[in-house]
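Peer 1: There's a structure below that I have some questions on.
The values are calculated or read from the model by the stated rules, or taken from the named source; none is laboratory data. Here the structure is a predicted model, which is why all the values come from computation and not from measurement. Here the Cβ is made from the backbone with ideal geometry for all residues, glycine too, and neighbour counts use every protein chain on show.
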Amino acid sequence: MQARIAVLPGDGIGPEVIAEAVKVLRRVAQTYEHEFAFEEALIGGAALDAVGNPLPVETLQLCRESDAVLLGAVGGPKWDDPRAAIRPEQGLLGLRKGLELFANLRPVKVYPDLLNASPIKPETIADVDLLVVRELTGGIYFGRPSGREQCLGYERAVDTMVYTTPEIERVMHVAFKLARQRRRKVTSVDKANVLSVSRLWREVADRVAREYPDVEFENILVDACAMFLVRRPANFDVIVTSNMFGDILTDEASMLAGSMGMLPSASLREDTLGLYEPIHGSAPKYTGMNVVNPIATILSGAMLLRHSLRLEEEAAAVEAAVAAVLKEGYRTRDIAEEGKQPIGTQEMGDLIADQIRG
Ligand code: IPM
Ligand code: MG
(Lines give C-alpha, C1' and ligand atoms only; values in the text may rest on other atoms or scores of the structure.)
(Ligands and ions follow the chains in the order given, each with its own letter.)
Protein backbone atom coordinates (compact mmCIF):
# COMPACT_ATOMS: atom_id res chain seq x y z
CA MET A 1 0.00 0.00 0.00
CA GLN A 2 0.95 3.65 -0.31
CA ALA A 3 0.76 5.95 2.70
CA ARG A 4 1.70 9.50 3.58
CA ILE A 5 3.08 9.86 7.07
CA ALA A 6 3.63 13.31 8.57
CA VAL A 7 6.65 13.32 10.88
CA LEU A 8 6.90 15.95 13.63
CA PRO A 9 10.13 15.45 15.61
CA GLY A 10 9.64 18.45 17.92
CA ASP A 11 12.04 19.25 20.75
CA GLY A 12 14.65 17.71 23.04
CA ILE A 13 15.00 14.00 22.44
CA GLY A 14 12.03 14.07 20.03
CA PRO A 15 14.19 13.98 16.89
CA GLU A 16 16.30 11.09 18.26
CA VAL A 17 13.41 8.78 19.09
CA ILE A 18 11.60 9.72 15.87
CA ALA A 19 14.66 8.75 13.81
CA GLU A 20 14.50 5.22 15.26
CA ALA A 21 10.76 4.85 14.73
CA VAL A 22 11.11 5.99 11.11
CA LYS A 23 14.00 3.54 10.70
CA VAL A 24 11.75 0.69 11.82
CA LEU A 25 8.82 1.83 9.65
CA ARG A 26 11.11 2.04 6.62
CA ARG A 27 12.18 -1.53 7.29
CA VAL A 28 8.53 -2.57 7.48
CA ALA A 29 7.84 -0.85 4.13
CA GLN A 30 10.80 -2.60 2.53
CA THR A 31 9.96 -6.02 3.96
CA TYR A 32 6.25 -5.98 3.20
CA GLU A 33 6.52 -3.99 -0.06
CA HIS A 34 4.70 -0.83 0.93
CA GLU A 35 5.47 2.73 -0.08
CA PHE A 36 5.56 5.08 2.87
CA ALA A 37 6.27 8.75 2.14
CA PHE A 38 7.61 10.54 5.24
CA GLU A 39 7.18 14.31 5.28
CA GLU A 40 8.67 16.35 8.12
CA ALA A 41 7.17 19.47 9.66
CA LEU A 42 7.79 21.80 12.58
CA ILE A 43 6.01 21.74 15.93
CA GLY A 44 6.56 22.97 19.50
CA GLY A 45 9.59 24.98 20.53
CA ALA A 46 11.37 24.20 17.26
CA ALA A 47 8.49 25.81 15.37
CA LEU A 48 8.30 28.69 17.84
CA ASP A 49 11.98 29.48 17.24
CA ALA A 50 11.76 29.10 13.47
CA VAL A 51 8.49 30.84 12.65
CA GLY A 52 7.11 32.22 15.94
CA ASN A 53 4.22 29.76 16.12
CA PRO A 54 4.26 26.36 17.91
CA LEU A 55 1.75 25.00 15.37
CA PRO A 56 2.40 26.57 11.94
CA VAL A 57 -0.53 26.39 9.51
CA GLU A 58 1.62 24.37 7.11
CA THR A 59 2.07 21.70 9.79
CA LEU A 60 -1.64 21.40 10.50
CA GLN A 61 -2.33 21.32 6.77
CA LEU A 62 0.24 18.58 6.15
CA CYS A 63 -1.25 16.50 8.99
CA ARG A 64 -4.75 16.87 7.58
CA GLU A 65 -3.55 15.65 4.17
CA SER A 66 -1.64 12.68 5.60
CA ASP A 67 -2.80 9.19 6.51
CA ALA A 68 -1.14 9.38 9.91
CA VAL A 69 1.06 11.61 12.06
CA LEU A 70 4.10 10.50 14.04
CA LEU A 71 5.25 12.91 16.75
CA GLY A 72 8.29 13.00 19.06
CA ALA A 73 7.89 15.42 21.97
CA VAL A 74 7.55 19.14 22.64
CA GLY A 75 8.81 21.57 25.25
CA GLY A 76 11.99 22.35 27.17
CA PRO A 77 13.61 24.76 29.64
CA LYS A 78 14.31 27.29 26.90
CA TRP A 79 10.58 28.01 26.60
CA ASP A 80 9.56 27.41 30.21
CA ASP A 81 9.20 31.00 31.42
CA PRO A 82 5.85 30.90 33.26
CA ARG A 83 5.05 34.39 31.95
CA ALA A 84 5.58 33.51 28.29
CA ALA A 85 2.43 34.07 26.23
CA ILE A 86 3.19 31.33 23.70
CA ARG A 87 4.41 27.88 24.75
CA PRO A 88 5.54 24.78 22.82
CA GLU A 89 2.81 22.66 24.47
CA GLN A 90 0.17 24.81 22.77
CA GLY A 91 1.41 23.33 19.48
CA LEU A 92 0.63 19.81 20.63
CA LEU A 93 -2.70 20.74 22.21
CA GLY A 94 -3.64 22.71 19.10
CA LEU A 95 -2.81 19.74 16.92
CA ARG A 96 -4.90 17.33 19.02
CA LYS A 97 -7.81 19.77 19.01
CA GLY A 98 -7.35 20.88 15.39
CA LEU A 99 -7.50 17.27 14.20
CA GLU A 100 -10.31 16.44 16.67
CA LEU A 101 -8.39 13.52 18.12
CA PHE A 102 -10.68 12.91 21.06
CA ALA A 103 -9.63 9.40 22.06
CA ASN A 104 -6.12 8.81 23.33
CA LEU A 105 -5.20 5.13 23.69
CA ARG A 106 -2.36 4.36 26.09
CA PRO A 107 -1.74 0.62 26.43
CA VAL A 108 0.33 -0.57 29.38
CA LYS A 109 1.89 -3.99 28.95
CA VAL A 110 4.51 -5.53 31.13
CA TYR A 111 7.11 -7.48 29.21
CA PRO A 112 8.08 -10.64 31.11
CA ASP A 113 11.73 -9.75 30.54
CA LEU A 114 11.26 -6.38 32.25
CA LEU A 115 9.59 -7.57 35.45
CA ASN A 116 12.60 -6.46 37.42
CA ALA A 117 12.83 -3.04 35.75
CA SER A 118 9.74 -1.83 37.63
CA PRO A 119 9.98 -0.40 41.15
CA ILE A 120 6.84 -2.45 41.93
CA LYS A 121 7.01 -6.12 43.00
CA PRO A 122 7.20 -8.57 40.09
CA GLU A 123 4.28 -10.67 41.37
CA THR A 124 2.06 -7.56 41.43
CA ILE A 125 2.76 -6.58 37.83
CA ALA A 126 3.22 -10.01 36.20
CA ASP A 127 -0.18 -10.10 34.47
CA VAL A 128 -0.65 -6.40 33.77
CA ASP A 129 -2.24 -5.71 30.40
CA LEU A 130 -4.36 -2.61 30.57
CA LEU A 131 -5.45 0.15 28.24
CA VAL A 132 -6.13 3.69 29.32
CA VAL A 133 -8.55 5.57 27.06
CA ARG A 134 -7.96 9.23 27.86
CA GLU A 135 -10.37 11.89 26.58
CA LEU A 136 -8.07 14.29 24.74
CA THR A 137 -9.87 17.34 23.38
CA GLY A 138 -11.95 18.50 26.34
CA GLY A 139 -11.91 18.96 30.09
CA ILE A 140 -9.70 21.34 31.99
CA TYR A 141 -7.10 21.41 29.18
CA PHE A 142 -9.44 23.37 26.92
CA GLY A 143 -12.18 24.92 29.11
CA ARG A 144 -12.76 28.67 29.11
CA PRO A 145 -12.20 30.97 30.92
CA SER A 146 -8.51 30.24 31.40
CA GLY A 147 -5.83 32.73 32.33
CA ARG A 148 -4.67 35.14 35.00
CA GLU A 149 -5.74 38.58 36.04
CA GLN A 150 -4.72 41.35 38.41
CA CYS A 151 -6.86 41.88 41.46
CA LEU A 152 -6.32 44.48 44.14
CA GLY A 153 -2.98 43.55 45.65
CA TYR A 154 -2.80 40.02 44.31
CA GLU A 155 -3.17 37.96 41.17
CA ARG A 156 -5.77 35.39 40.34
CA ALA A 157 -5.61 32.52 37.85
CA VAL A 158 -8.36 30.29 36.60
CA ASP A 159 -8.82 27.15 34.50
CA THR A 160 -12.19 25.65 33.73
CA MET A 161 -13.18 22.00 33.59
CA VAL A 162 -16.03 21.41 31.14
CA TYR A 163 -17.50 18.33 29.52
CA THR A 164 -20.63 17.95 27.43
CA THR A 165 -22.69 14.76 27.07
CA PRO A 166 -21.66 14.18 23.42
CA GLU A 167 -17.97 14.47 24.38
CA ILE A 168 -18.35 11.91 27.15
CA GLU A 169 -20.51 9.59 25.08
CA ARG A 170 -18.13 9.28 22.15
CA VAL A 171 -15.10 8.46 24.26
CA MET A 172 -17.16 5.94 26.27
CA HIS A 173 -18.16 4.15 23.09
CA VAL A 174 -14.50 3.92 22.05
CA ALA A 175 -13.66 2.38 25.43
CA PHE A 176 -16.50 -0.17 25.36
CA LYS A 177 -15.80 -1.20 21.78
CA LEU A 178 -12.12 -1.74 22.58
CA ALA A 179 -13.08 -3.71 25.71
CA ARG A 180 -15.01 -6.13 23.48
CA GLN A 181 -11.74 -6.96 21.73
CA ARG A 182 -10.04 -7.53 25.09
CA ARG A 183 -11.16 -8.90 28.48
CA ARG A 184 -14.55 -7.12 28.41
CA LYS A 185 -14.16 -4.91 31.42
CA VAL A 186 -14.38 -1.10 31.60
CA THR A 187 -13.48 1.06 34.59
CA SER A 188 -14.56 4.69 34.36
CA VAL A 189 -12.52 7.05 36.54
CA ASP A 190 -13.82 10.36 37.88
CA LYS A 191 -14.09 12.52 40.98
CA ALA A 192 -17.87 12.41 41.28
CA ASN A 193 -17.81 12.95 45.05
CA VAL A 194 -16.55 16.49 44.45
CA LEU A 195 -16.92 17.68 40.85
CA SER A 196 -20.13 18.44 38.93
CA VAL A 197 -18.33 17.59 35.71
CA SER A 198 -17.57 14.15 37.12
CA ARG A 199 -21.17 13.59 38.15
CA LEU A 200 -22.24 14.20 34.56
CA TRP A 201 -19.36 11.99 33.42
CA ARG A 202 -20.60 9.15 35.66
CA GLU A 203 -24.23 9.51 34.58
CA VAL A 204 -23.29 9.28 30.92
CA ALA A 205 -20.89 6.40 31.62
CA ASP A 206 -23.68 4.44 33.35
CA ARG A 207 -26.03 5.09 30.45
CA VAL A 208 -23.55 4.02 27.77
CA ALA A 209 -22.61 0.95 29.84
CA ARG A 210 -26.19 -0.29 29.57
CA GLU A 211 -25.70 -0.55 25.79
CA TYR A 212 -22.91 -3.05 26.39
CA PRO A 213 -24.43 -5.66 28.72
CA ASP A 214 -21.68 -8.10 27.73
CA VAL A 215 -19.01 -5.80 29.18
CA GLU A 216 -18.41 -5.66 32.92
CA PHE A 217 -18.48 -2.07 34.16
CA GLU A 218 -17.48 -0.11 37.26
CA ASN A 219 -17.01 3.53 38.30
CA ILE A 220 -14.14 4.43 40.60
CA LEU A 221 -12.79 7.66 42.02
CA VAL A 222 -9.50 8.92 40.66
CA ASP A 223 -7.70 8.90 44.00
CA ALA A 224 -8.68 5.27 44.56
CA CYS A 225 -7.62 4.46 41.02
CA ALA A 226 -4.16 5.89 41.70
CA MET A 227 -3.90 3.50 44.64
CA PHE A 228 -5.29 0.44 42.82
CA LEU A 229 -2.83 0.98 39.96
CA VAL A 230 -0.08 0.12 42.41
CA ARG A 231 -1.98 -2.38 44.58
CA ARG A 232 -3.70 -4.59 41.99
CA PRO A 233 -2.94 -3.29 38.48
CA ALA A 234 -3.60 -6.67 36.82
CA ASN A 235 -7.33 -6.34 37.59
CA PHE A 236 -7.77 -3.48 35.14
CA ASP A 237 -8.66 -4.04 31.52
CA VAL A 238 -9.87 -0.76 29.95
CA ILE A 239 -9.73 2.43 32.03
CA VAL A 240 -11.62 5.39 30.55
CA THR A 241 -11.14 8.85 31.97
CA SER A 242 -10.96 12.57 31.38
CA ASN A 243 -8.09 14.53 29.90
CA MET A 244 -6.18 15.52 33.03
CA PHE A 245 -6.86 12.38 35.08
CA GLY A 246 -5.65 10.33 32.11
CA ASP A 247 -2.50 12.40 31.84
CA ILE A 248 -1.64 11.81 35.48
CA LEU A 249 -2.66 8.15 35.72
CA THR A 250 -0.66 7.13 32.64
CA ASP A 251 2.60 8.51 34.00
CA GLU A 252 1.89 6.46 37.11
CA ALA A 253 0.98 3.39 35.04
CA SER A 254 4.19 3.66 33.03
CA MET A 255 6.08 2.63 36.14
CA LEU A 256 4.39 -0.78 35.91
CA ALA A 257 6.09 -1.22 32.54
CA GLY A 258 9.41 -0.16 34.04
CA SER A 259 9.90 3.18 32.30
CA MET A 260 8.14 6.06 30.60
CA GLY A 261 10.32 5.08 27.66
CA MET A 262 8.16 1.98 27.09
CA LEU A 263 4.71 3.52 26.65
CA PRO A 264 3.28 4.38 23.22
CA SER A 265 0.05 6.17 22.44
CA ALA A 266 -2.46 6.65 19.65
CA SER A 267 -4.80 9.62 19.42
CA LEU A 268 -7.80 8.81 17.31
CA ARG A 269 -11.04 10.20 15.95
CA GLU A 270 -13.97 8.72 14.00
CA ASP A 271 -12.05 8.08 10.76
CA THR A 272 -8.60 6.48 10.43
CA LEU A 273 -6.41 9.58 10.73
CA GLY A 274 -4.41 9.36 13.94
CA LEU A 275 -1.54 10.94 15.83
CA TYR A 276 1.04 8.61 17.33
CA GLU A 277 3.47 9.66 20.03
CA PRO A 278 5.29 8.28 23.05
CA ILE A 279 3.68 9.30 26.35
CA HIS A 280 6.99 10.70 27.62
CA GLY A 281 8.17 14.26 27.18
CA SER A 282 11.20 15.88 25.55
CA ALA A 283 13.67 14.90 28.34
CA PRO A 284 15.89 17.95 27.64
CA LYS A 285 18.77 16.86 29.81
CA TYR A 286 19.36 13.73 27.72
CA THR A 287 19.21 15.49 24.34
CA GLY A 288 21.82 14.47 21.81
CA MET A 289 23.41 11.84 24.08
CA ASN A 290 22.10 8.72 22.31
CA VAL A 291 20.94 7.29 25.65
CA VAL A 292 17.14 7.45 25.70
CA ASN A 293 14.79 4.57 25.01
CA PRO A 294 13.19 4.71 21.53
CA ILE A 295 10.81 1.80 22.23
CA ALA A 296 7.82 3.99 23.18
CA THR A 297 8.07 5.76 19.82
CA ILE A 298 8.73 2.55 17.89
CA LEU A 299 5.64 0.98 19.52
CA SER A 300 3.70 4.14 18.60
CA GLY A 301 4.75 3.34 15.03
CA ALA A 302 3.21 -0.12 15.48
CA MET A 303 -0.03 1.49 16.62
CA LEU A 304 0.11 3.73 13.53
CA LEU A 305 0.36 0.66 11.31
CA ARG A 306 -2.58 -0.97 13.12
CA HIS A 307 -5.04 1.90 13.53
CA SER A 308 -4.39 4.26 10.62
CA LEU A 309 -3.04 1.92 7.93
CA ARG A 310 -4.93 -1.21 9.03
CA LEU A 311 -1.73 -3.26 8.70
CA GLU A 312 -2.26 -5.66 11.59
CA GLU A 313 0.39 -8.18 10.54
CA GLU A 314 3.04 -5.48 10.22
CA ALA A 315 2.04 -3.92 13.55
CA ALA A 316 2.33 -7.29 15.27
CA ALA A 317 5.74 -7.81 13.62
CA VAL A 318 7.06 -4.58 15.14
CA GLU A 319 5.74 -5.55 18.58
CA ALA A 320 7.28 -9.00 18.25
CA ALA A 321 10.59 -7.41 17.22
CA VAL A 322 10.60 -5.29 20.38
CA ALA A 323 9.81 -8.32 22.55
CA ALA A 324 12.56 -10.35 20.84
CA VAL A 325 15.23 -7.70 21.40
CA LEU A 326 14.25 -7.37 25.07
CA LYS A 327 14.33 -11.14 25.41
CA GLU A 328 17.87 -11.18 24.08
CA GLY A 329 18.75 -8.93 26.99
CA TYR A 330 19.40 -5.61 25.26
CA ARG A 331 18.47 -2.61 27.38
CA THR A 332 18.70 1.14 27.13
CA ARG A 333 19.83 2.99 30.24
CA ASP A 334 16.32 3.55 31.67
CA ILE A 335 15.57 -0.19 31.87
CA ALA A 336 19.09 -1.55 32.34
CA GLU A 337 19.84 -3.92 35.17
CA GLU A 338 22.43 -2.83 37.69
CA GLY A 339 25.97 -3.54 36.60
CA LYS A 340 24.98 -4.31 32.99
CA GLN A 341 26.13 -2.14 30.13
CA PRO A 342 23.20 -0.37 28.42
CA ILE A 343 23.00 0.19 24.67
CA GLY A 344 22.27 3.48 22.90
CA THR A 345 19.14 4.84 21.26
CA GLN A 346 20.41 4.13 17.75
CA GLU A 347 21.64 0.64 18.58
CA MET A 348 18.21 -0.22 20.02
CA GLY A 349 16.57 1.05 16.82
CA ASP A 350 18.96 -0.99 14.65
CA LEU A 351 18.38 -4.18 16.63
CA ILE A 352 14.59 -3.84 16.43
CA ALA A 353 14.67 -3.01 12.70
CA ASP A 354 16.86 -6.08 12.09
CA GLN A 355 14.20 -8.31 13.66
CA ILE A 356 11.65 -7.32 10.98
CA ARG A 357 11.95 -10.09 8.47
CA GLY A 358 8.41 -10.61 7.18
C1 IPM B 1 1.20 13.96 27.53
C2 IPM B 1 1.94 15.21 27.90
C3 IPM B 1 1.19 16.42 27.38
C4 IPM B 1 -0.18 16.44 28.04
C5 IPM B 1 1.91 17.78 27.55
C6 IPM B 1 3.28 17.77 26.91
C7 IPM B 1 1.09 18.91 27.02
O8 IPM B 1 2.14 15.27 29.28
O9 IPM B 1 0.96 13.75 26.33
O10 IPM B 1 0.89 13.18 28.43
O11 IPM B 1 -0.33 16.95 29.16
O12 IPM B 1 -1.12 15.94 27.43
MG1 MG C 1 1.61 13.50 30.31
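Peer 1: Helices (runs of 4 or more DSSP H) wholly in the stretch 12-112 with at least 2 residues that are at pLDDT 95 or above, within 14 Å of ligand 1 (Cβ to nearest atom) and out of contact with any Gly (no Cβ under 9 Å at 6 or more places or on another chain) - which ones?
Peer 2: Where helices (runs of 4 or more DSSP H) fall fully within the stretch 12-112 and carry at least 2 residues being at pLDDT 95 or above, within 14 Å of ligand 1 (Cβ to nearest atom) and out of contact with any Gly (no Cβ under 9 Å at 6 or more places or on another chain), they are 88-98.
Peer 1: Could you say whether any residue in the stretch 279-290 is within 10 Å of ligand 1 (Cβ to nearest atom), more than 20 Å from V189 (Cβ to Cβ), surrounded by 23 or more Cβ atoms within 10 Å (Cβ to Cβ) and under 12 Å from the mean Cα position of the chain (by Cα)?
Peer 2: yes
A quick yes/no check of all residues on (1) within 16 Å of ligand 2 (Cβ to nearest atom); (2) among the β-branched types (V, I, T); (3) farther than 22 Å from V194 by Cβ:
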{"position": "E216", "(1), (2), (3)": "no, no, yes"}
{"position": "I220", "(1), (2), (3)": "no, yes, no"}
{"position": "L229", "(1), (2), (3)": "yes, no, no"}
{"position": "P233", "(1), (2), (3)": "no, no, yes"}
{"position": "E252", "(1), (2), (3)": "yes, no, no"}
{"position": "R269", "(1), (2), (3)": "no, no, yes"}
{"position": "G274", "(1), (2), (3)": "no, no, yes"}
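Peer 1: In the stretch 141-168, what count of residues is obtained for those that are surrounded by 15 or more Cβ atoms within 10 Å (Cβ to Cβ) and closer than 16 Å to E100 by Cα?
Peer 2: 6
Peer 1: Filter the stretch 300-350 down to residues that are under 21 Å from G288 (Cβ atoms) and of a type in the set (A, V, I, L, M, F, W, C), then give me how many there are.
Peer 2: Residues in the stretch 300-350 being under 21 Å from G288 (Cβ atoms) and of a type in the set (A, V, I, L, M, F, W, C): 4 in total.
Peer 1: So which of S146, S198 is within 30 Å of P82 (Cα to Cα), in contact with an Asp or Glu (Cβ under 9 Å, 6 or more places away or on another chain) and not in a strand (DSSP E or B)?
Peer 2: S198
Peer 1: Right, here's the next one. Do the conditions hold for F228, that is, is it away from ligand 1 (no atom under 16 Å from the Cβ), closer than 28 Å to A117 by Cα and of a type in the set (F, W, Y)?
Peer 2: It is true that F228 is away from ligand 1 (no atom under 16 Å from the Cβ), closer than 28 Å to A117 by Cα and of a type in the set (F, W, Y).
Peer 1: Need a quick list: strands (runs of 3 or more DSSP E) entirely within the stretch 212-284 having at least 2 residues that are not aliphatic (A, V, I, L, M).
Peer 2: 216-221, 264-268, 274-278
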